[in-house]
Each structure stands twice: as structure tokens, then as C-alpha cells.
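Okay, structure first, notes after.
The values are calculated or read from the model by the stated rules, or taken from the named source; none is laboratory data. Since the structure is predicted, the reported quantities are computational estimates derived from the model, not experimental observations. A quick note on method: Cβ atoms are made from the backbone with ideal geometry, for glycine too, and the neighbour counts reach across all protein chains shown. Quick note on the areas: whole protein, heavy atoms, side chains included, nothing else; ligands and nucleic acids left out. Shrake-Rupley method; radii C 1.70, N 1.55, O 1.52, S 1.80 Å.
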Amino acid sequence: MSTIPNTVAVLDKLRWNAHLCKHSHFRASMKGRNLHVLCGVPIVVVNLFLGSLFFSLINAELPDWTKWSGAALALLAALLGGVQTFFNFKKNYEGHRQVGNEYLAIARECERLIALYFDRILDLEHLSNKISELNTRYSEINQRAEEFIVSDKVYRQAMQIQSQKSSKEPSLVERMRNLHNTSLEETKIGSQASPIGHN
């Protein structure tokens, strides 16, 4: 195989983008889960503390500071519950996780199709048809992902992860391209080395 066809290069670009989106949404999911836990755990602890404390002291005469402390803790629990309900951290991080898994499925399908092409099981025409199907699926995922926004910071972190991963584990297309370039260099060196003539 002399060069990498444009169709395969387009499929590899789709694979790259799908992996990048996967990393973005998985990182956003982790951040959302952390916020959910950060708000949820204090609510549970405060409510347990207040419930057990005031249940045990139901008939006791309490000093004013304990009443105000209890009211402040109850207000804090209500505030955290309101924040959690308004931002809906649980739905958000689960949505990011689901979208990330869908992007991962696209990336794996791209890798499979590229391997089938290089193994000469699929030709370019079939590959082109598959790309059309994948682009449709990718667009549908993008539309669903609009509800789950990824911040610029998370996106940059995902880009860094994807770049590091690609440098450590080059894609099949990149490996084939490097193999082709190496064989070209060897051919060029071999043609420049001419046999020494005898006089």
C-alpha cells in the first residue's frame, strides 16, 4: 500500500475526535460526580446529626446557642440541597458518562474499520459508506451532548490526555504511515548507493 487514502485519513480523524470527546465527557463526568458528593455528603451528615441530637433532647431545655446552631445547620443542609437540585449534578454527570461511552463506541468502530481496510477485508467504497453512517451517528451524539456542556478547562485537559496517549500509542494509520515513510527512505538510500565500477 503506497499511501494512506484520504478516506482512511478522514476515518482516522473521526476516530481522533471521538476519543477527544470521550475524554472530555468522562472528565466532566468525574467533576460532576465530585460536586454531587461534595454537596450530598454534608446534607446527609447534617440531617443525621440534627435528627439524632434533637430527638434525644426533645424534652430538654436547650441553651439559645444550640438552637441557633441547629437552625444554621438546617439552613446549610437546605441550601446544599437546593444547589444540588438546581444544578442536578447527578443527572449531569450520568449524562456526561453516557455521551462519553457513545463517543467511545464511535472511536472503536473507526479503529475496527481501519483495521479491516488495512487487512484488505474492506475496500474504499465500503469504507466510504461506513463513514457516512458513522458521521450520522456522530452528529446525533453531538446533538444530545449539547445538553451536557464541557468547560474549556476540561476540554484542554482532555486534549492533553489525548495527545499524550497518541504519542505513546500511535494509531494504526500513523503506524502504517511511518512504515511507508521508512520504506521510502530505504528505497531512496538504496537507489543512491550505486555499485563501484571497475576500470
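Details
- Packing-based order for 28-34, 138-144, using average beta carbon neighbours within 10 Å, highest first: 28-34, 138-144
- Additional length obtainable on full extension of the chain from Thr136 to Ile149, 0.36 nm per residue less Cα span: 2.6 nm
- Between the range 1-34 and the range 114-173, the alpha-carbon center distance in angstrom: 3 Å
- When the solvent-accessible area of the range 101-188 is split by element, carbon and sulfur atoms take up 49 percent of it, the probe being 1.4 Å.
- Between Asn178 and Ala105, the simple spin-label model (points 7 angstrom out along Cα→Cβ) gives 3.2 nm.
- Out-of-range pairs (alpha-carbon distance over 29 Å; input Lys31/Lys165; Lys90/Lys168; Lys31/Lys130; Lys130/Lys153): Lys90/Lys168; Lys31/Lys130; Lys130/Lys153
- Net length available on complete extension from Arg112 to Lys165 is 17.2 nm, with 0.36 nm assigned per residue and the Cα-Cα distance removed.
- Accessible area ranking (1.4 Å probe, heavy atoms, ligands and nucleic acids excluded), largest first, for Asp12, Asp152: Asp152, Asp12.
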